[in-house]
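Written below as structure tokens is the structure these notes are about.
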Amino acid sequence: MNLLTYLLAAGILTVFGFIFFSTKHLSYPMVLTSEMSLFYLEHLSQTGAINAVSAILLDFRAYDTLGEILVLFATISGVMLIARREE
Amino acid sequence: MTSTIVRTTTRVMLPFIIVFGIYVIAYGHISPGGGFQGGMILAGAAILLILSYGFDKPARFMSHLQSLESGGVLLFIFIGSITLLLWLPYLADLGIIPILNIIVAVKVFAGVTLIYVFIARWELPHD
Amino acid sequence: MINGMNIGIIMFLVGLFGMMTNKNIIKIIMSLTVAENGVLVFFISLGYVIGGQSPIITGDVTNPVDPLPQAMMITMIVINLCLTALALTIAAWIYHKYHTLNVEDIIDDRL
Amino acid sequence: MIDYEPVLIVITPVIAASIISFLLPFLKTEKLQEIPKYIALTALALPLFYLIYLAPQISSSALEYRMGGWTAPYAINLVIDSFSYIFLLTASLITTLAFVFSMRDEKKSKGKFSFFFLLMVAGIYGVFLSGDLFNIYVFFELCVITSYILVTLGDQTRSLKAAFTYLILGSIASLFFLIGIGLLYLNTGALNIAHLSSLVSRLDTTVQIVVFIFLFGAVAVKAAIPPFHTWLVDAHSTAPSSVSAVLSGITVKIGLYIFLRVFSLGFGLQGITNLLLVLGVCAALGGVLFAIFEYDIKRLLAYHTISQMGFIVVGLGTFTAIGVAGGIYHIVNHAVFKGLLFLCAGSIIYRTGTKDIRKHGIGTTMPITLLTYLIAAFAISGITPFSGSVSKSMIEASISNYRLVGFLLTVTCIGTVTTFSKILYYSFIKTLKKDGVKQRFQEVPFGMQLSMTILAFFCIVLGVLPHLWLDTVIVPATSSITGGYSQISPQFFEPLGIVKEWILVGLGILFLLVVIKQRENVDKIRRKIKELHLNLKIVLMMGALTVIFLFFRVLH
């Protein structure tokens, strides 16, 4: 039973990986082509930061960060709640 | 866990770790780093402290951590709401990246430390 | 061709393999972390350009890498940290309740 | 003036949740601990009022709000168009009423329940409002993480395992979604859905297949399409009843919402329709088949969620105007009547203290519960004046070219009648006699009655006045999915159809008699149905995904 699961899992993932890599060849581009990032880099000076990652995280896409903070907030309260759970 | 070597190393290293964390937060907008990374480093410092000195000494800061954590969320939303009430687009650019970095750092520091403490101090009811 | 994206996908599949074959709950959570880190590697290398510089735009940066996937990954790291913390908390309770971490032995009678 | 309403909708529950969390340490006495739930109720009801207030504006043009004031496709934007409006309105209605239902028995959680419920609702609104793929991921995670926590609050014996399974499978789905987003970003350089829709159709077929597979894997797990459904039954049946109503009514639909949003991007792949029809029919039949053997009321309803999702998937999978409209209408209907059914189950469990329908024996001692249950059961079985019939007839009209699918869905309808008359028979009609004395139960408290009655009212209104909803919101929403505007004129209230429905009811009741007669065998079969353990669930999921991948690869 155990061996069967191993073989099944290995078989499935091998087939999956094989089809994936035969379908799509991933390679690095020579220059940055993404429109969004080019826009962000162009307007970086308006944010007052020169670190593009910080600028995206806290200005261009600050709403994502709000969601991230809420997830952390929910998890901490959840861990507290589950840890103090009574029988 | 609380051997002399660990304690001494912690005592020597801790100021440097904290200063490095604050540096990463404060210079997050002009150098590699940011609020999240710095907050994680600070949380690492706090976890190191707890690991080497046990829970007894840091225990009294725990309630402060919780208010820091929910205060962080409130502040983040508050800054957004001010811009909203002034009829500006939500979370607009007012050069607030350093301030938001600090808020995120405080939040992440408090949050990660709390998660660690709650999992590590697990006290299951006796059955 | 060996690059970060392919390695990321392979890591993801390895993580899935671990989740399919390990019976221990803690090991399943660890495999989940491997899979998550695979996605992380995939994303970080997604934004790479050949010969790129770090996206901190001072005067002499001419060919920066893509900053957007890196920013997305910081969000993803926090979310995955939360998931792992929650999974470990639940796992601890499962151990308390059933006195085992083996998924095959966690059986409760329905009705 | 800036249209800031979209932000208000998502930010109201968030602010309320933070206030509650801030107040919690100060609420020492019992009186004060009542405060959080009133804050939560206000915060849940306000978005409902905004949305009703916004209705005239939405029907003329979509509302869009860009975060931070950056230009169009580059900022995160919040969109309320007619499509997301339907989902938002349904979500706010169901969540508010489910919260009203649970207000009475959440004293012991001391405000924590309100807190997580509010964050879950914020996550749901965030997903429905967002026009950006990565933002959808973030808010979906908020929604599911809070639902993992809420599931553990439920049934003490089983909920931990259910929450763990839900967490692991949900995380795998999220990772698939992320890889899909990454591949889309790699190939188009965009994350905005409106912007992507003009770019995706230009991609190579091979790239489209890979992106489709990853997004489909994520969506199928979230929408519980078999064989990706294995987490659903445990999670939905062990959560607290009001949370089950939201999970079954809204959270599962988020998968379909993302599905429609993403697949209206314009994947030009053949075979999607066939795939969805096959999976949908499997879901519809399989859900009913397992439900027939169950005696646990909430598991029964959870299996029925899978079955009804099958109907919706069949409707959406045809990608014809009437099918998609029927699917969307059925999403709304299913949210309403499945929410109502879970609330009914909740009030039955509240009074009798057991989930086993053979031990209920309520009789007519709880008239409001009985009445609302009957309305919901008629609606889910698709009897004419009630809501399910409209959407089911539309879905049936859309698959007139596929005879076999139509036949199998009809069989499913018979099974649905059987299972719901089974609950009716065991829980209500068959009174339990203990020591010769008939048991007496009281009707549930007023708050619970109120939310059940309002939902039952909507079950009737959605069925009696179909054109009111179809013409104003559903047809515009459909045309935004299927492309061009097309007139839909379905035929409702045909005499022949009504006769057919009642024949199905008769067959269903006949089948019920067989089930009751053979109840020992049924119970024996039920015990033989072994639950898969976690590893095998993942193996099944990945195996199915690999087969689908192979199918598309061979087809193209």
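No lab work stands behind these numbers, since they all come straight from the coordinates. A quick note: this is a predicted structure, and the numbers were derived from the prediction, not measured. With ideal geometry, Cβ positions are generated from the backbone for all residues, glycine too; neighbour counts draw on all protein chains shown.
The fraction of all Cα pairs in the protein assembly as shown landing in successive 10 Å bins from 0 to the largest distance is 2, 12, 23, 27, 21, 10, 4, 1, 0, 0, given as whole percents. The label point for D:GLN518 and the one for D:LEU371, both projected 7 Å from the Cα toward the Cβ, are 3.8 nm apart. A straight line joining the Cα centroids of segment A:46-63 and segment D:160-220 runs 25 Å. Working note: Karplus 6.51/-1.76/1.60 with θ = phi - 60° gives segment D:213-220 the couplings 4, 5, 5, 5, x, 5, 5, 5 Hz, where Gly and Pro are set to x.
Cα-Cα over 27 Å: which of C:LYS23/D:LYS110; D:LYS31/D:LYS298; D:LYS110/D:LYS530; D:LYS112/D:LYS298?
Numbers: C:LYS23/D:LYS110 37 Å; D:LYS31/D:LYS298 33 Å; D:LYS110/D:LYS530 38 Å; D:LYS112/D:LYS298 24 Å.
Check vs 27 Å cut-off fails for C:LYS23/D:LYS110; D:LYS31/D:LYS298; D:LYS110/D:LYS530.
The calculated FRET efficiency for the pair D:HIS467 and C:ASN37, based on their C-beta separation and a Förster distance of 51 Å, comes to about 0.45.
So if each residue of separation counts as 0.36 nm, and I subtract the Cα-Cα distance between B:ILE22 and B:LEU48, what length gain in nm does that give? Intermediate results must be reported in sequence, preceding the final value.
On the way: separation 26, 0.36 × 26 = 9.36 nm, distance 1.65 nm.
Separation in residues times 0.36 nm, less the Cα-Cα distance, equals 7.7 nm.
Using the average count of surrounding beta-carbon atoms within 10 Å as a protection proxy, the listed peptides C:66-78, D:270-282, D:117-129, C:12-24 rank, highest first, as D:117-129, C:66-78, C:12-24, D:270-282. From the alpha carbon centroid of segment D:442-472 to that of segment D:356-417 is 16 Å.
Using R₀ = 56 Å, calculate the FRET efficiency as 1/(1 + (r/R₀)^6) where r is the Cβ-Cβ separation of C:ASP60 and C:HIS99; round to 0.05.
On the way: r = 62 Å, r/R0 = 1.11.
Efficiency computed from Cβ-Cβ geometry: 0.35.
For chain C, the percent of C-alpha pairs falling in each 5 Å distance bin, counted from 0 to the bin holding the largest distance, reads 2, 11, 15, 16, 15, 11, 9, 7, 5, 4, 2, 1, 1, 0.
How would you classify segment D:99-162 from its alpha-carbon gyration tensor, with a ≥ b ≥ c the square roots of the eigenvalues: rounded for a/c under 1.5, else prolate if a/b is greater than b/c, otherwise oblate? Numbers along the way, then the final one.
Details: a/c = 3.32, a/b = 1.69, b/c = 1.97.
Oblate, since a/c reaches 1.5 and b/c is not below a/b.
Using a cut-off of 11 Å between beta-carbons, work out the net charge of the residues near D:LYS422 (Lys and Arg +1, Asp and Glu -1, D:LYS422 not included). Kindly include the intermediate steps, with their values, before the conclusion.
On the way: positive: D:ARG358, D:LYS430, D:ARG519; negative: D:GLU294.
Result for the local shell: +2.
List residues of segment C:50-75, by number, whose backbone nitrogen lies under 13 Å from a label position 7 Å along Cα→C-beta of A:THR33. Residues C:50 qualify, since their backbone N sits under 13 Å from the label point. Across chain D, C-alpha contacts under 8 Å between residues 6 or more apart give a mean separation that, scaled by the residue count, equals a relative contact order of 15 percent.
Per DSSP helix of 4 or more residues, -39500 (n - 2.57); summed, then divided by the residues of the protein assembly as shown. What does that give at 222 nm, rounded to the nearest 500? Can you show the working numbers first?
On the way: 34 runs with 612 residues, N = 881.
The helix contribution divided over the protein assembly as shown gives -23500 deg cm²/dmol.
Classify segment D:287-517: rounded, prolate or oblate, from the alpha-carbon gyration tensor (a ≥ b ≥ c, eigenvalue square roots; a/c under 1.5 rounded; otherwise prolate if a/b is larger than b/c)?
Here segment D:287-517 falls in the prolate category.
Residue-wise HN-Hα couplings along segment D:155-167, as the Karplus relation 6.51 cos²θ - 1.76 cosθ + 1.60 with θ = phi - 60° gives them from phi, are 3, 5, 7, 10, 5, 5, 5, 4, 5, 5, 4, 4, 5 Hz; Gly and Pro carry x. So if we plug the beta-carbon distance of D:THR354 and D:LYS500 into 1/(1 + (r/R0)^6) with R0 = 45 Å, what FRET efficiency do we get, rounded to 0.05? Efficiency, rounded to the nearest 0.05: 0.75.
Look at where the Cα atoms of segment D:297-312 and of segment D:1-64 average out, and the two centres are 31 Å apart.
Residues of segment A:48-72 with an amide N closer than 18 Å to a point placed 7 Å from the Cα of D:THR71 along the Cα-to-Cβ direction: A:60-61.
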